[in-house]
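Here's the structure we're looking at; comments come further down.
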Amino acid sequence: MHSKRVNIIGGGLSGVECALYLADRGIDVTIYEMRPKKMTPAHRTGYLAEMVCSNSLKSEEITNAHGLLKAEMKILGSTLLSFAEKHRVPGGKALVVDRERFSRDITGFTEKVCQVIREERGIDELDGTVVVAGGPLASEKITHSLKKYTGEYLYFYDAVSPIVSSESIDMDWAFMGSRYGAGEDYINCPLTREEYYGFVEALLNAEKHIPHIKEDLFFEGCLPIEEMARRGKETLRFSLMKPVGLKIPEKFKNTFAIVQLRKENREGTMWNIVGFQTRLKIGEQKRVFRMIPCLKRAEFLRYGKIHRNTYINSPEVLDRYLKLMENVYVIGTLTGVEGYVEAMATGLLTGINIYREIIGKEPLLPPEGTMMRGLMNYLHDKKKDFQPMNANFGLLPPVHGRGKEKRKIAAVRAIRLIDEWRRDYGI
Ligand SMILES: Cc1cc2nc3c(=O)[nH]c(=O)nc-3n(C[C@H](O)[C@H](O)[C@H](O)COP(=O)(O)OP(=O)(O)OC[C@H]3O[C@@H](n4cnc5c(N)ncnc54)[C@H](O)[C@@H]3O)c2cc1C
């Protein structure tokens, strides 16, 4: 039997979204939030659901992946998005909020409908159903207790390479093959001598992000590509861009260096630029990485970055419904989703499934073809190098069409599907 008390560790965006879904259905929820007694290096207040950096929940257009995700969540009754609407400030096509009012209002509301205990907790200290929502800067109590169940699959750093859409890769300037014929197939993007040195020069001069938090330093095992370039003009072509072990077609006989792209999902709609974790600003990533001939018109589904981020290898340790073990769920960025709205989405879905378990029904996944399902599939499908992921159209099954038109077809279908799902299951 499932306990009707739900304990949530972490009153951030995912934890509060989950809590409010359950509280609205009469479930007793306790949120353990360590702030303000113990702060994280990024939070500034003791409010619940604090947005730590930007005050934007990104685009509201459904042809934008974040816009579609929000549209789906609104249909499912996301409480945090309704608070965001209430506290919105002008922001063009984006849902931008007054962060201070937003989290202050949510805190007041949550304290009325849930029990909020301002204490730090670990998994093993709680009974009943436990939801772990400690976020990217989860305290040691969480990481200690998580490690017991995840072992080697708990990470503290996020070194993410950019991902481009398959249709935007110009295969006239690339060829397939794996180094020394082993393993999976890569897309290989050759560069001539001039192209290589031009690329290295651009990397060295590009604008970089300043880290958000002091201890956000990179480590030797996983250097940003621009740092490798800084160590010597030849460093890249003797390491991740080495043009060796490949059968290079005659038409690329002047190849001096090679960039490899690795398939990111089963469908092959998303390709990862191998080893290109970076601190370059987004505009600079577009400009500099498009200097690689086959990426001239690349559509970036995710940008590269490197920062401190605690997350687990969800495909290895969670089930399809984000369950770590009997009565214990993990949600938010700890699962390997990236971004405010994505974190809330995992909270909402877990709220739905915990409620269903309490009332004796089987857990559910949103239908294939929705952005929420795309994210859940990403967290479930095993991959060689699991890295956090944001909402993007590469997560949806392919549809016919081009550019924005194609995204519109996919988005309209997703909204119809989620609406039918909500009605069919009474969510
Ligand atoms: C510095 C930084 C900047 C970011 N900027 C953005 C951005 O601009 N836009 C964007 O979309 N995403 C951003 N993110 C990524 C991510 O979307 C947010 O961190 C988001 O808040 C994650 O939601 P969450 O619920 O997983 O975690 P959080 O919202 O961080 O919530 C986790 C909560 O758990 C609490 N907690 C931790 N350990 C314990 C414990 N043991 N016991 C009790 N409470 C505990 C924390 O105090 C916190 O309140 C940023 C992340 C970081 C680290």
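The values are calculated or read from the model by the stated rules, or taken from the named source; none is laboratory data. The model shown is predicted, which means the values in this text are computed figures rather than measured ones. No Cβ is skipped: glycine too gets one built from the backbone with ideal geometry, and neighbour counts run over all protein chains shown.
Things worth noting here:
- Taking (1) part of a loop (DSSP other than H, G, I, E, B); (2) outside the structural domain of residue 229 (by TED's automatic domain parsing); (3) away from the ligand (no atom under 15 Å from the Cβ) in turn, residue 377 satisfies each apart from (1).
- Among the residues here, residue 137 does not qualify as touching a residue at least 24 places away in the same chain (Cβ under 8 Å), within 23 Å of residue 388 (Cα to Cα) and away from the ligand (no atom under 12 Å from the Cβ).
- Candidate set: segment 286-314, residues that are outside any strand (DSSP E or B) and aromatic (Phe, Trp, Tyr); chosen: the one modelled with the lowest pLDDT: 303
- Under the condition of being surrounded by fewer than 20 Cβ atoms within 10 Å (Cβ to Cβ) and assigned to a helix (DSSP H, G or I), the residues counted in segment 406-427 number 14.
- Top-ranked residue of segment 308-320 - restricted to ones that are surrounded by 20 or more Cβ atoms within 10 Å (Cβ to Cβ) and more than 22 Å from residue 125 (Cβ to Cβ), ranked as farthest from the ligand (Cβ to nearest atom): 313
- Just so you know, in segment 137-181 the residues that are polar (S, T, N, Q) and touching a Lys or Arg at 6+ places or on another chain (Cβ under 8 Å) include one that is surrounded by the fewest Cβ atoms within 10 Å (Cβ to Cβ), and it is 168.
- Elements of type strands (runs of 3 or more DSSP E) in segment 1-79, at least 1 residues being more than 13 Å from the ligand (Cβ to nearest atom) and crowded, with 18+ Cβ neighbours inside 10 Å: 5-9, 28-32
- If only residues of segment 81-94 that are in a strand (DSSP E or B) and out of contact with any His (no Cβ under 9 Å at 6 or more places or on another chain) are counted, the one that is surrounded by the most Cβ atoms within 10 Å (Cβ to Cβ) is 88.
- Hits in segment 386-405 (condition: without any contact (Cβ under 8 Å) to a residue 24 or more places away in the chain and either surrounded by 17 or more Cβ atoms within 10 Å (Cβ to Cβ) or in a loop (DSSP other than H, G, I, E, B) (or both)): 399, 400, 401, 402
- The listed residue being on the phi < 0 side of the Ramachandran plot and either out of contact with any helix residue (DSSP H, G or I) (no Cβ under 7 Å at 6 or more places or on another chain) or among the charged types (D, E, K, R) (or both), out of 89, 16: 89
- Just one residue in the set 106, 123 is within 14 Å of the ligand (Cβ to nearest atom) and over 17 Å from residue 17 (Cβ atoms); that residue is 123.
- Residue pairs meeting the criteria (Cβ under 7 Å; at least 6 apart or on separate chains; first within 8 Å of the ligand (Cβ to nearest atom), in segment 330-356; second of a type in the set (Asp, Glu)): 344/17; 347/17
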